[in-house]
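The values are calculated or read from the model by the stated rules, or taken from the named source; none is laboratory data. What you are looking at is a predicted structure, and each value in this text was computed from that prediction instead of being measured. With ideal geometry, Cβ positions are generated from the backbone for all residues, glycine too; neighbour counts draw on all protein chains shown.
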Amino acid sequence: LSRKAKNELNADYVLINTTGWVGDPGGRDLKLSKILAVSPEYIVSIGNLEHITSFVERIYRVIKVDPAHALRPRSREERRSIRTNQYARHFQGAEVKTIQVEKIGVAYSFLWTGKRLQSADIKRLNKEIGLEILWAEEAPDALILIVNASPPPQVKKSIEESYAKTVKIIAPEELKNILVAFGGSGKMFLGLGIILDFNPSTDELKVYTNVKAEDVEFMQVGYIKIDPETFEEQGWIERWSL
(Lines give C-alpha, C1' and ligand atoms only; values in the text may rest on other atoms or scores of the structure.)
Protein backbone atom coordinates (compact mmCIF):
# COMPACT_ATOMS: atom_id res chain seq x y z
CA LEU A 1 0.00 0.00 0.00
CA SER A 2 2.88 2.33 0.74
CA ARG A 3 4.39 1.75 -2.70
CA LYS A 4 0.97 2.14 -4.33
CA ALA A 5 0.43 5.48 -2.59
CA LYS A 6 3.79 6.73 -3.83
CA ASN A 7 3.80 5.31 -7.35
CA GLU A 8 0.13 5.37 -8.37
CA LEU A 9 -1.34 8.17 -6.28
CA ASN A 10 1.76 10.38 -6.44
CA ALA A 11 1.61 11.05 -2.70
CA ASP A 12 4.26 13.41 -1.39
CA TYR A 13 4.30 11.71 1.99
CA VAL A 14 2.94 8.44 3.37
CA LEU A 15 2.28 8.35 7.11
CA ILE A 16 1.64 4.94 8.68
CA ASN A 17 0.02 5.01 12.11
CA THR A 18 0.87 1.71 13.78
CA THR A 19 -0.80 0.11 16.79
CA GLY A 20 0.33 0.55 20.37
CA TRP A 21 1.21 -3.12 20.69
CA VAL A 22 4.94 -2.95 21.32
CA GLY A 23 5.49 -5.36 24.20
CA ASP A 24 5.95 -9.15 24.46
CA PRO A 25 7.21 -11.29 21.55
CA GLY A 26 4.10 -10.72 19.43
CA GLY A 27 4.32 -6.93 19.66
CA ARG A 28 8.04 -6.91 18.95
CA ASP A 29 7.58 -9.21 15.94
CA LEU A 30 4.77 -7.06 14.55
CA LYS A 31 6.66 -3.78 14.78
CA LEU A 32 9.89 -5.14 13.34
CA SER A 33 8.03 -6.90 10.52
CA LYS A 34 6.22 -3.68 9.57
CA ILE A 35 9.40 -1.63 9.67
CA LEU A 36 11.39 -4.09 7.56
CA ALA A 37 8.52 -4.50 5.07
CA VAL A 38 7.98 -0.77 4.55
CA SER A 39 11.62 0.35 4.87
CA PRO A 40 10.62 3.89 5.93
CA GLU A 41 12.69 7.03 5.58
CA TYR A 42 11.85 8.06 9.14
CA ILE A 43 10.50 6.32 12.23
CA VAL A 44 8.82 8.39 14.94
CA SER A 45 9.19 6.68 18.30
CA ILE A 46 6.76 7.96 20.96
CA GLY A 47 7.77 7.16 24.51
CA ASN A 48 10.27 4.63 25.79
CA LEU A 49 10.72 2.09 22.99
CA GLU A 50 14.42 1.38 23.35
CA HIS A 51 13.73 -2.36 23.14
CA ILE A 52 12.77 -1.80 19.49
CA THR A 53 14.67 1.33 18.45
CA SER A 54 18.03 0.01 19.65
CA PHE A 55 17.99 -2.23 16.59
CA VAL A 56 16.17 -0.20 13.93
CA GLU A 57 18.07 3.05 14.59
CA ARG A 58 21.14 1.27 13.18
CA ILE A 59 19.30 1.02 9.85
CA TYR A 60 16.77 3.88 9.74
CA ARG A 61 16.52 7.46 10.97
CA VAL A 62 14.58 7.44 14.26
CA ILE A 63 12.99 10.56 15.73
CA LYS A 64 12.24 10.16 19.44
CA VAL A 65 9.48 12.24 21.05
CA ASP A 66 7.79 12.24 24.44
CA PRO A 67 4.10 11.32 24.65
CA ALA A 68 1.62 14.18 25.13
CA HIS A 69 1.04 15.00 28.80
CA ALA A 70 -2.73 15.12 28.27
CA LEU A 71 -2.79 11.48 27.20
CA ARG A 72 -2.97 8.58 29.60
CA PRO A 73 -2.37 4.90 28.89
CA ARG A 74 -5.59 2.93 28.40
CA SER A 75 -6.21 0.04 30.74
CA ARG A 76 -6.42 -3.51 29.45
CA GLU A 77 -10.19 -3.48 29.96
CA GLU A 78 -10.59 -0.20 28.09
CA ARG A 79 -8.67 -1.57 25.12
CA ARG A 80 -10.73 -4.76 25.20
CA SER A 81 -13.96 -2.73 25.22
CA ILE A 82 -12.79 -0.64 22.25
CA ARG A 83 -11.95 -3.79 20.28
CA THR A 84 -15.38 -5.26 21.08
CA ASN A 85 -17.08 -2.14 19.70
CA GLN A 86 -14.90 -2.24 16.59
CA TYR A 87 -15.79 -5.88 15.95
CA ALA A 88 -19.48 -5.09 16.41
CA ARG A 89 -19.27 -2.27 13.85
CA HIS A 90 -17.35 -4.43 11.40
CA PHE A 91 -19.90 -7.26 11.56
CA GLN A 92 -22.95 -5.06 11.04
CA GLY A 93 -25.10 -6.72 8.38
CA ALA A 94 -23.17 -10.00 8.62
CA GLU A 95 -24.86 -13.32 7.90
CA VAL A 96 -24.03 -17.01 8.12
CA LYS A 97 -22.28 -18.01 4.88
CA THR A 98 -21.10 -21.39 3.60
CA ILE A 99 -17.64 -21.79 2.07
CA GLN A 100 -16.13 -24.89 0.46
CA VAL A 101 -12.72 -25.02 2.09
CA GLU A 102 -11.08 -27.12 -0.61
CA LYS A 103 -11.87 -24.43 -3.20
CA ILE A 104 -9.92 -21.66 -1.45
CA GLY A 105 -6.36 -21.09 -0.28
CA VAL A 106 -5.62 -21.12 3.45
CA ALA A 107 -2.77 -19.47 5.35
CA TYR A 108 -1.47 -19.53 8.94
CA SER A 109 -2.86 -23.01 9.58
CA PHE A 110 -1.75 -26.57 8.85
CA LEU A 111 -5.42 -27.53 8.59
CA TRP A 112 -6.95 -27.25 5.09
CA THR A 113 -3.55 -26.95 3.37
CA GLY A 114 -2.85 -30.62 2.59
CA LYS A 115 -4.32 -33.42 0.48
CA ARG A 116 -7.13 -35.59 1.79
CA LEU A 117 -6.06 -39.09 2.81
CA GLN A 118 -7.50 -42.11 1.05
CA SER A 119 -10.05 -44.25 2.89
CA ALA A 120 -7.54 -47.11 3.37
CA ASP A 121 -5.10 -44.78 5.16
CA ILE A 122 -7.89 -43.38 7.32
CA LYS A 123 -9.02 -46.88 8.35
CA ARG A 124 -5.45 -47.76 9.35
CA LEU A 125 -5.15 -44.57 11.41
CA ASN A 126 -8.55 -45.24 12.98
CA LYS A 127 -7.24 -48.53 14.34
CA GLU A 128 -3.99 -46.96 15.52
CA ILE A 129 -5.70 -44.06 17.30
CA GLY A 130 -8.72 -45.98 18.52
CA LEU A 131 -10.96 -43.00 17.75
CA GLU A 132 -13.18 -42.01 14.86
CA ILE A 133 -11.32 -39.76 12.43
CA LEU A 134 -13.65 -37.12 11.02
CA TRP A 135 -11.10 -35.47 8.71
CA ALA A 136 -7.60 -36.45 7.61
CA GLU A 137 -5.14 -34.70 5.33
CA GLU A 138 -1.41 -34.72 4.74
CA ALA A 139 0.86 -31.81 3.88
CA PRO A 140 4.60 -32.07 3.14
CA ASP A 141 5.38 -31.08 6.73
CA ALA A 142 2.36 -32.29 8.70
CA LEU A 143 -0.41 -34.82 9.15
CA ILE A 144 -3.67 -33.17 10.23
CA LEU A 145 -6.55 -35.06 11.84
CA ILE A 146 -9.91 -33.95 13.20
CA VAL A 147 -11.17 -36.45 15.76
CA ASN A 148 -14.06 -36.53 18.21
CA ALA A 149 -11.80 -36.88 21.29
CA SER A 150 -8.15 -36.44 22.24
CA PRO A 151 -6.03 -39.62 22.06
CA PRO A 152 -3.35 -40.41 24.66
CA PRO A 153 -0.03 -38.54 24.10
CA GLN A 154 1.82 -41.76 23.28
CA VAL A 155 -0.52 -42.36 20.33
CA LYS A 156 0.34 -39.00 18.78
CA LYS A 157 4.05 -39.69 19.32
CA SER A 158 3.72 -43.06 17.60
CA ILE A 159 2.04 -41.49 14.56
CA GLU A 160 4.71 -38.77 14.36
CA GLU A 161 7.41 -41.43 14.32
CA SER A 162 5.54 -43.39 11.66
CA TYR A 163 5.00 -40.40 9.36
CA ALA A 164 8.22 -38.56 10.31
CA LYS A 165 6.43 -35.20 10.45
CA THR A 166 4.37 -32.97 12.72
CA VAL A 167 0.97 -34.39 13.67
CA LYS A 168 -1.94 -32.07 14.46
CA ILE A 169 -4.90 -33.70 16.20
CA ILE A 170 -7.82 -31.29 16.45
CA ALA A 171 -11.20 -31.55 18.14
CA PRO A 172 -14.15 -29.98 16.23
CA GLU A 173 -14.93 -27.52 19.04
CA GLU A 174 -11.43 -26.03 18.77
CA LEU A 175 -12.43 -24.43 15.46
CA LYS A 176 -15.49 -22.62 16.74
CA ASN A 177 -15.43 -18.81 16.99
CA ILE A 178 -11.94 -18.39 15.52
CA LEU A 179 -11.52 -15.04 13.78
CA VAL A 180 -10.45 -15.28 10.13
CA ALA A 181 -9.75 -12.82 7.32
CA PHE A 182 -10.89 -13.26 3.71
CA GLY A 183 -9.28 -12.03 0.52
CA GLY A 184 -9.67 -12.43 -3.22
CA SER A 185 -9.66 -10.85 -6.69
CA GLY A 186 -6.42 -9.01 -6.12
CA LYS A 187 -7.54 -7.70 -2.72
CA MET A 188 -5.57 -8.87 0.28
CA PHE A 189 -8.46 -8.04 2.60
CA LEU A 190 -12.17 -8.35 1.84
CA GLY A 191 -13.35 -8.59 5.43
CA LEU A 192 -13.40 -10.64 8.61
CA GLY A 193 -15.31 -13.76 9.50
CA ILE A 194 -15.99 -15.89 12.57
CA ILE A 195 -15.92 -19.67 12.16
CA LEU A 196 -19.15 -21.20 13.46
CA ASP A 197 -18.81 -24.80 12.34
CA PHE A 198 -16.94 -27.13 10.00
CA ASN A 199 -18.60 -30.19 8.48
CA PRO A 200 -15.86 -32.67 7.51
CA SER A 201 -18.24 -34.87 5.52
CA THR A 202 -19.27 -32.05 3.17
CA ASP A 203 -16.11 -29.89 3.33
CA GLU A 204 -18.33 -26.95 4.31
CA LEU A 205 -17.23 -24.15 6.59
CA LYS A 206 -19.96 -22.07 8.22
CA VAL A 207 -18.79 -18.53 8.93
CA TYR A 208 -20.41 -15.36 10.18
CA THR A 209 -19.32 -12.61 7.81
CA ASN A 210 -20.45 -9.74 5.60
CA VAL A 211 -18.17 -10.93 2.78
CA LYS A 212 -19.84 -12.60 -0.20
CA ALA A 213 -18.92 -16.29 -0.22
CA GLU A 214 -18.42 -16.29 -3.99
CA ASP A 215 -15.78 -13.54 -3.69
CA VAL A 216 -13.57 -15.49 -1.28
CA GLU A 217 -10.40 -16.90 -2.83
CA PHE A 218 -8.30 -17.33 0.30
CA MET A 219 -8.61 -17.29 4.07
CA GLN A 220 -6.09 -16.33 6.74
CA VAL A 221 -6.68 -18.11 10.04
CA GLY A 222 -6.28 -15.93 13.12
CA TYR A 223 -5.46 -16.70 16.73
CA ILE A 224 -8.34 -14.89 18.46
CA LYS A 225 -11.73 -16.32 19.35
CA ILE A 226 -14.70 -13.94 19.14
CA ASP A 227 -18.21 -14.49 20.47
CA PRO A 228 -20.43 -14.03 17.36
CA GLU A 229 -23.27 -12.61 19.47
CA THR A 230 -21.51 -10.22 21.87
CA PHE A 231 -18.29 -9.78 19.82
CA GLU A 232 -16.25 -10.05 23.00
CA GLU A 233 -12.88 -11.78 22.84
CA GLN A 234 -12.99 -15.29 24.26
CA GLY A 235 -9.25 -15.80 24.33
CA TRP A 236 -6.37 -16.76 22.08
CA ILE A 237 -5.26 -20.03 20.58
CA GLU A 238 -1.61 -20.95 20.20
CA ARG A 239 -0.03 -19.89 16.91
CA TRP A 240 0.00 -22.67 14.34
CA SER A 241 -1.94 -24.93 16.70
CA LEU A 242 -4.36 -25.87 13.90
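Given the residues Leu205, Leu145, which is the only one that is at pLDDT 90 or above, more than 23 Å from Val96 (Cβ to Cβ) and not β-branched (Val, Ile, Thr)?
The conditions single out Leu145.
Just to check your reading of the model, which residue among Ile82, Ile122, Ile104 is out of contact with any strand residue (DSSP E or B) (no Cβ under 9 Å at 6 or more places or on another chain) and β-branched (Val, Ile, Thr)?
Within the list Ile82, Ile122, Ile104, the selection yields Ile82.
Conditions tested, residue by residue: (1) within 17 Å of Phe198 (Cβ to Cβ); (2) surrounded by 13 or more Cβ atoms within 10 Å (Cβ to Cβ); (3) at pLDDT 90 or above; (4) in the same structural domain as Leu196 (by TED's automatic domain parsing).
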| position | (1), (2), (3), (4) |
| --- | --- |
| Ile104 | yes, yes, yes, yes |
| Ser119 | no, no, no, no |
| Pro151 | no, yes, no, no |
| Phe182 | yes, yes, yes, yes |
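Can you tell me how many residues in the stretch 62-93 are outside any helix (DSSP H, G or I), of a type outside the set (Val, Ile, Thr) and surrounded by fewer than 11 Cβ atoms within 10 Å (Cβ to Cβ)?
10
Here is a list of conditions, (1) closer than 29 Å to Gln92 by Cβ; (2) touching a Pro at 6+ places or on another chain (Cβ under 8 Å), and Gly191 meets all of them except one; can you say which number that is?
(2)
Scan the stretch 207-228 for residues that are exposed (fewer than 14 other Cβ atoms within 10 Å of the Cβ) and over 16 Å from Gln86 (Cβ atoms) and report the count.
Total satisfying the criteria: 3.
Which residue out of Val147, Val167, Val101 is touching a residue at least 60 places away in the same chain (Cβ under 8 Å) and either under 23 Å from the mean Cα position of the chain (by Cα) or more than 30 Å from Glu50 (Cα to Cα) (or both)?
Answer to the check: Val101.
What's the number of the condition Glu102 fails, among (1) in a loop (DSSP other than H, G, I, E, B); (2) in contact with an Asp or Glu (Cβ under 9 Å, 6 or more places away or on another chain)?
Looking at each condition in turn, Glu102 falls short on (1).
Between Glu173, Glu204, which is in contact with a helix residue (DSSP H, G or I) (Cβ under 8 Å, 6 or more places away or on another chain), among the charged types (D, E, K, R) and more than 19 Å from Gln86 (Cβ to Cβ)?
On inspection, the qualifying residue turns out to be Glu204.
May I ask you to say which residue of Lys176, Lys156 is among the charged types (D, E, K, R), surrounded by 13 or more Cβ atoms within 10 Å (Cβ to Cβ) and either modelled with pLDDT of 95 or more or within 19 Å of the chain's Cα centre (by Cα) (or both)?
Testing whether each residue is among the charged types (D, E, K, R), surrounded by 13 or more Cβ atoms within 10 Å (Cβ to Cβ) and either modelled with pLDDT of 95 or more or within 19 Å of the chain's Cα centre (by Cα) (or both) leaves just Lys176.
Would you confirm whether or not the stretch 124-143 contains a residue that is more than 28 Å from the chain's Cα centre (by Cα), aliphatic (A, V, I, L, M), in a helix (DSSP H, G or I) and farther than 19 Å from Val221 by Cα?
yes
Taking the condition outside any loop (DSSP other than H, G, I, E, B), surrounded by 13 or more Cβ atoms within 10 Å (Cβ to Cβ) and assigned by TED's automatic domain parsing to the domain that holds Tyr223, does Lys31 pass?
No.
Restricting the search to the stretch 40-56, which residues are in a loop (DSSP other than H, G, I, E, B) and touching a residue at least 12 places away in the same chain (Cβ under 8 Å)?
Pro40, Glu41, Gly47, Leu49
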